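Notes follow the structure.
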Amino acid sequence: EEIITDYARKELKSYKELPINFYQIQTKFRDEVRPRFGVMRSREFIMKDAYSFHLSQESLQQTYDAMFQAYNRIFSRMGLEFRPVMADTGSIGGSASHEFHVLAESGEDAIAFSTESDYAANVELAEALPPAGERPAPAEEMQTVATPDQHSIDEVADYLEVDADRLIKTLIVLADDQQSVVAILMRGNDALNEIKAEKLAGVYSPLSYATDEQIVEALGCNAGSIGPVGLAEKGVKVYADHATRTMADFVCGANQDGQHLSGVNWERDLPEADFVDVRNVAEGDPSPDGKGTLSILRGIEVGHIFQLGDKYAKAMDAKVLNENGKTEIMIMGCYGIGVTRVVAASIEQNHDDKGIIWPTALAPFQISIVPINYHNSDQVKAATDSLYETLNEAGYDVLLDDRKMRPGAMFADHELIGIPHRLVVSERGLKEGQLEFKSRTAEEAENVEQSDILDFLKNRLA
Ligand code: ATP
Ligand code: MG
């Protein structure tokens, strides 16, 4: 972003040059903490990145929409099963953002989809609606219960024989000043959404959990028995996921080691917290657009588009003259495709026990030619070389396997590396004027008249 913004501020002078889009396909280096799965997440990879410049939100939106459509066409043509989903704009800032995810069990991202509408969002972003309905009146007295050696939510729930959803867990994170702490309350079974949490006012970003020493210092007890009662009096800011708002007679830590409180109720036993959306949505939650429920699938992020707004241009003073002859800060969009990751994601979706099955658009070669006895039979060599030339001239990307190997071993290699189509040239076939053709996904090979080969391929590979 900075490099391109610098380039743009030097090159662009007038609104007449806008909108404009700069792009590159280049090696990227990132100090990934956990590189893994080969080219799926590496410290060096290839990315297509593009940056657009505008003077109005309307123009940015137009380019963004065009990019959105182009990305859909690109990934469709690649034969990928993918979904565009709403995404968090993260540290890069900006307003609108979409990620393109290839659906795969092995994906690192969780994606929430509505069962009844087009709603799709990365779980990092997906909104959890506040619970409907009112909070029941307190029915129990608050009391301290001994929970010796019970630390996790499940342990405490089992020990007290209550459902984990009756428990409130208390997470302690660092405040903005990195000294004091903030408490976040969650329903027992829910998972904290760290992206939502680090956006809460007063919470340090990136989200950092308080260490055991920081907890003892701030609250006077150990992490396993923290609870919300009395926290506000200690001057600790308390946020609570809004799923906890309708809970009554709940169980929580007692701020004393080995003790919990049961029959706890908002207002009566502790002041109402600041209720916010801070959990991950879960399978079966209502969709935020009000249509249907959410189901969660895993995805691999292969593309990402953002509206950056003036974040970079403002900081770097990237201006052009507008229609009135006045200088004006530009606004930007940025658009990335993980070129190397696409390759890995495609294999993840298209393979069998023999190896890769490339979709035509991604295959390094469309056709392989496997001659039998290339090195001993002049007839096979001549027919193979001429076939290779004919196909190349017709515009096909052809791999000629002239290794001195058994046909079976060559076939296995071509299946392993996923070449979509294979032609075999043999003395036996040539005698009948025939070649043998087999697609990577076909069960059986079939014979094709040598003289018809171009027409045949034109039909088959269309
Ligand atoms: P991730 O969330 O997977 O770390 P990102 O959101 O940081 O990715 P972007 O800045 O959006 O990545 O980069 C654009 C695209 O580059 C991503 O959509 C992804 O396909 C690809 N990409 C990002 N990091 C890597 C990496 N370490 N290795 C391979 N591809 C990557
Ligand atoms: Mg991204």
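Observations, loosely collected:
- Here the strands (runs of 3 or more DSSP E) wholly within the range 287-332 that include at least 3 residues being within 16 Å of ligand 2 (Cβ to nearest atom), crowded, with 19+ Cβ neighbours inside 10 Å and not acidic (Asp, Glu) are 294-309.
- Test for Ala112: is it open to solvent by less than 10 Å² (accessible area, probe 1.4 Å), more than 30 Å from Ala201 (Cα to Cα) and not in a loop (DSSP other than H, G, I, E, B): no
- Phe53 being under 20 Å from Val320 (Cα atoms) and either in contact with a Phe, Trp or Tyr (Cβ under 9 Å, 6 or more places away or on another chain) or surrounded by fewer than 19 Cβ atoms within 10 Å (Cβ to Cβ) (or both): yes
- Condition met for Leu430 (open to solvent by 50 Å² or more (accessible area, probe 1.4 Å), part of a helix (DSSP H, G or I), modelled with pLDDT of 95 or more and not charged (D, E, K, R)): no
- Checking each residue in the range 40-58 for being more than 16 Å from ligand 2 (Cβ to nearest atom), among the hydrophobic types (A, V, I, L, M, F, W, C) and outside any loop (DSSP other than H, G, I, E, B) picks out only Phe53.
- Residue among Ser114, Ser106, Ser97 that is touching a residue at least 60 places away in the same chain (Cβ under 8 Å), touching a Phe, Trp or Tyr at 6+ places or on another chain (Cβ under 7 Å) and among the hydroxyl-bearing types (Ser, Thr, Tyr): Ser97
- Pair list, Cβ < 8 Å and 6+ apart or interchain, from the range 18-35 residues that are touching a residue at least 12 places away in the same chain (Cβ under 8 Å) and within 16 Å of ligand 2 (Cβ to nearest atom) to residues that are hydrophobic (A, V, I, L, M, F, W, C) and open to solvent by less than 60 Å² (accessible area, probe 1.4 Å): Lys28/Phe45; Lys28/Met47; Arg30/Phe45
- Scan of the range 1-17 for residues that are of a type in the set (Lys, Arg) and either open to solvent by less than 100 Å² (accessible area, probe 1.4 Å) or in contact (Cβ under 8 Å) with a residue 24 or more places away in the chain (or both), ordered by number: Arg9, Lys13
- Tallying residues that are of a type outside the set (A, V, I, L, M, F, W, C) and open to solvent by less than 10 Å² (accessible area, probe 1.4 Å) within the range 179-238 yields 5.
- Test: residue in the range 148-169 that is among the acidic types (Asp, Glu), within 15 Å of ligand 1 (Cβ to nearest atom) and either buried (at least 18 other Cβ atoms within 10 Å of the Cβ) or at pLDDT below 90 (or both): no
- Screening the candidates Ser97, Ser106, Ser117 for the property of being open to solvent by 50 Å² or more (accessible area, probe 1.4 Å) and of a type outside the set (Val, Ile, Thr) yields one hit, Ser106.
- Residue match in the range 124-145 (condition: buried (at least 19 other Cβ atoms within 10 Å of the Cβ) and among the β-branched types (Val, Ile, Thr)): no
- Just one of the numbered conditions (1) over 30 Å from Ala8 (Cα atoms); (2) acidic (Asp, Glu); (3) modelled with pLDDT of 95 or more; (4) within 16 Å of ligand 1 (Cβ to nearest atom) is not true of Glu348: (3).
- Every pair of residues 6+ apart whose Cβ atoms lie under 6 Å, when the first sits in the range 334-361 and is open to solvent by less than 50 Å² (accessible area, probe 1.4 Å) while the second is of a type in the set (S, T, N, Q) and away from ligand 2 (no atom under 16 Å from the Cβ): Ile357/Asn350
- When residues of the range 276-286 are limited to those that are assigned to a loop (DSSP other than H, G, I, E, B) and open to solvent by 20 Å² or more (accessible area, probe 1.4 Å), the one farthest from ligand 2 (Cβ to nearest atom): Gly284
- The single condition among (1) more than 22 Å from Gln62 (Cβ to Cβ); (2) touching a residue at least 60 places away in the same chain (Cβ under 8 Å) that Glu272 does not satisfy is (2).
- Extreme residue, farthest from Tyr204 (Cα to Cα), among residues of the range 221-275 that are among the basic types (Lys, Arg) and part of a loop (DSSP other than H, G, I, E, B): Arg268
- Residue satisfying condition, being touching a Lys or Arg at 6+ places or on another chain (Cβ under 9 Å), away from ligand 1 (no atom under 16 Å from the Cβ) and within 28 Å of Gly395 (Cβ to Cβ), within set Pro359, Pro364: Pro359
- Filter pass, Asp149 being touching a residue at least 60 places away in the same chain (Cβ under 8 Å) and in contact with a strand residue (DSSP E or B) (Cβ under 6 Å, 6 or more places away or on another chain): no
- Output for the range 280-322, where each listed residue is more than 30 Å from Ser117 (Cα to Cα), acidic (Asp, Glu) and modelled with pLDDT of 95 or more: Asp317
Listed here are the residues, each with its yes/no results for (1) within 21 Å of Ala442 (Cα to Cα); (2) modelled with pLDDT of 95 or more.
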site: Ile356; (1), (2): yes, yes
site: Thr360; (1), (2): yes, no
site: Gln379; (1), (2): no, yes
site: Ala382; (1), (2): no, yes
site: Asp401; (1), (2): yes, yes
site: Ile417; (1), (2): yes, yes
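The values are calculated or read from the model by the stated rules, or taken from the named source; none is laboratory data. This one's a predicted model, so the numbers in the text were calculated from it and none came from an experiment. Please note: Cβ atoms are built from the backbone with ideal geometry, for glycine as well, and neighbour counts cover all protein chains shown. Just so you know, the surface numbers come from the protein's heavy atoms only, side chains and all, with ligands and any DNA or RNA stripped out. Shrake-Rupley method; radii C 1.70, N 1.55, O 1.52, S 1.80 Å.
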